[in-house]
């Protein structure tokens, strides 16, 4: 009996927590926990209710779809409920759903439709005689908020449709704020002193649920229609896929990344492909919605509780979590920047335990009003360094401490701010957001310089990672990047280092020797000149014969080059004016690291006038090397498909957006084999 009492108490606690977070998410648009944490609470409650059905009550959050509508907007009754979806978090759970569905249908074969689960706001649009008459939120699934006037401001929502449409019908879609628009909106709100949105979903919800439609109209909202709710007075297609095509023909916007499959294996491949490419999407997506294609079969399957049996949300690994920010510390970057970063109470996000996260700069910390001691939302996207999205203001206790970088680094003995690594003077240039250490020989800067110099896009010296470069610096083997080319003289001492046997040293020295033949563009990029990235290095390498030629160029000469502005020109001239940098360049010359420009004129090269875009992974070499090959033959390499693109090179696991764009524009596609054959053919000409 005591055990049952404990179970009942736990169920009640979970109900209270879920209702609280449900209200903050759906009504206030101000969540306190991540989606993954919310899903876990709901899952735990469901499992307890299934095990102890005597405690399942009609008011349980598991028996609801969303939150109650806000009466201020007016309430719309949904003729057919907008159900929520069950979740699958692994391939095993997806397979279990498929097996149950197949068994219910009598082991029939059936097609499946996959759609991105966009992180936005679900809405229902009702049309009568071709005109939009009502737009409503999901609400609790049965009653939603009347937001017709704000939805009418979204340009991708048709106010009227073709005469071929049914006399009365409803479509359902997801209103979302594109990622680029979300960042612009937050920047504007920060400048106006308004609180920023935690994520695009909250921004979209907050935008459409405005009592003044003019506010909504100023925001770049978009919508994808994901299903036909119902239709009266006209026969419509009997599969979900064909209905989406039908809705598209009526003028509705349908996601081009949707896909139709004949097996669960293909669904898993689609899911894995988009896990790898989700960062390329222009919108936030937290999973893939898998639906039985046949509407007749959907009707046979029906629903259980408030979830349809014929669809499931296959969730992506979590990218956000919440935790406490213990301290804001400072690191020194490659160019001497003083970078604040968060030291966190460990939190697991996407299967990885995060203890630190990026904070960008002091202005960003203040703009987001992030304080030491805050509960914060942490985001980890792919292999990108985790970042603090923002604070959870509602959880503040008053003990949190506002951040001031200069106070953190103030050296009382010197009576001024000092670099936390070397103690040198710290300055903040006019009109810049960052503070800088003024000592170019600062150990932290040199360590980062080496990391850039040996990186794949620069001199590509395999085998020198962070730990080895730190060891080489600490043991006095090198003082700057040019010293890497004198390591051969210390071969015997190198082999005595920890984890550095004779073979490892041989491999390292061989990689250093091979790097001497890298292109001029790679060397310019490897030097780490501020504001000179890979593309700018390519541009400079096409204008100057060697480093001497670039070093002697005046600001006026640099500004004559299309694409070089005053900031870049000033940065280049300042770099070559520093004696320390000139010493490094001279040591590189003495070591035989002295590439020169290829004399051939670009407009006479075989790929002149051709533009290439590469999507997916290539087997033969990295994307950077492939782009170099194109440029060496006179072509240009871009990141996005446009009307000027000559070829889209398609490798393994290509991004869907580039393929879709190429197909729409009629851009010719090349396989990797065709691409390699083209390069070889043009090289021989």
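The values are calculated or read from the model by the stated rules, or taken from the named source; none is laboratory data. Because the structure is a prediction, the values reported are computed rather than measured. Positions of Cβ are backbone-derived with ideal geometry, glycine not excepted, and every protein chain shown enters the neighbour counts.
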Among (1) modelled with pLDDT of 80 or more; (2) part of a loop (DSSP other than H, G, I, E, B); (3) more than 23 Å from the chain's Cα centre (by Cα); (4) not assigned by TED's automatic domain parsing to the domain that holds residue 543 - the single one residue 619 does not satisfy: (1)
The one condition in (1) surrounded by 14 or more Cβ atoms within 10 Å (Cβ to Cβ); (2) not in a helix (DSSP H, G or I) that residue 300 fails to fulfil: (2)
Test: residue in region 414-423 that is closer than 20 Å to residue 332 by Cα, touching a strand residue (DSSP E or B) at 6+ places or on another chain (Cβ under 7 Å) and buried (at least 19 other Cβ atoms within 10 Å of the Cβ): yes
Matching residues in region 340-376 - criterion: being surrounded by fewer than 20 Cβ atoms within 10 Å (Cβ to Cβ), in a strand (DSSP E or B) and modelled with pLDDT of 90 or more: 341, 343, 345, 346, 355, 356, 372, 375
Test: residue in region 136-155 that is surrounded by fewer than 24 Cβ atoms within 10 Å (Cβ to Cβ) and within 17 Å of residue 233 (Cα to Cα): no
Any hit, region 179-192, residues being within 23 Å of residue 254 (Cα to Cα), at pLDDT below 75 and surrounded by 15 or more Cβ atoms within 10 Å (Cβ to Cβ): no
Subset tally (residues that are in contact with a helix residue (DSSP H, G or I) (Cβ under 7 Å, 6 or more places away or on another chain) and not in a helix (DSSP H, G or I)) for region 480-504: 4
Top-ranked residue in region 303-313 [being more than 20 Å from residue 286 (Cα to Cα) and in a strand (DSSP E or B); ranked as modelled with the highest pLDDT]: 303
In region 470-479, the residues that are part of a helix (DSSP H, G or I) and under 14 Å from residue 498 (Cβ atoms): 470, 471, 472, 474
Of residues in region 498-512 being touching a residue at least 12 places away in the same chain (Cβ under 8 Å) and loosely packed, with under 15 Cβ neighbours inside 10 Å, the one farthest from residue 588 (Cα to Cα): 498
Matching residues in region 399-428 - criterion: being within 19 Å of residue 339 (Cβ to Cβ) and in a loop (DSSP other than H, G, I, E, B): 402, 403, 404, 419, 420, 421, 422, 423, 424, 428
For residue 431: the one exception among (1) on the phi > 0 side of the Ramachandran plot; (2) part of a helix (DSSP H, G or I): (2)
Residue pairs meeting the criteria (Cβ under 7 Å; at least 6 apart or on separate chains; first under 15 Å from residue 99 (Cβ atoms), in region 307-318; second assigned to a strand (DSSP E or B) and modelled with pLDDT of 95 or more): 310/291; 310/292; 312/290; 314/288; 314/290
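Tell me, which helices (runs of 4 or more DSSP H) lie completely within region 1-116 with 1 or more residues that are in the same structural domain as residue 174 (by TED's automatic domain parsing), at pLDDT 85 or above and within 33 Å of the chain's Cα centre (by Cα)?
Answer list for region 1-116: 91-104.
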From 359, 405, residue being over 21 Å from residue 38 (Cα atoms) and under 17 Å from the mean Cα position of the chain (by Cα): 359
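I need the full set of residues from region 314-329 which are assigned to a strand (DSSP E or B) and surrounded by 19 or more Cβ atoms within 10 Å (Cβ to Cβ), in order please.
314, 315, 320, 321, 322, 323, 325, 328
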Residue tally, condition closer than 14 Å to residue 453 by Cβ and part of a helix (DSSP H, G or I), over region 522-546: 7
Tally of residues being modelled with pLDDT under 85, in contact with a strand residue (DSSP E or B) (Cβ under 7 Å, 6 or more places away or on another chain) and within 30 Å of residue 597 (Cβ to Cβ) across region 645-685: 0
Residue 519 being surrounded by fewer than 21 Cβ atoms within 10 Å (Cβ to Cβ) and within 24 Å of residue 540 (Cα to Cα): yes
Residue match in region 565-583 (condition: outside the structural domain of residue 648 (by TED's automatic domain parsing), part of a loop (DSSP other than H, G, I, E, B) and within 31 Å of the chain's Cα centre (by Cα)): yes
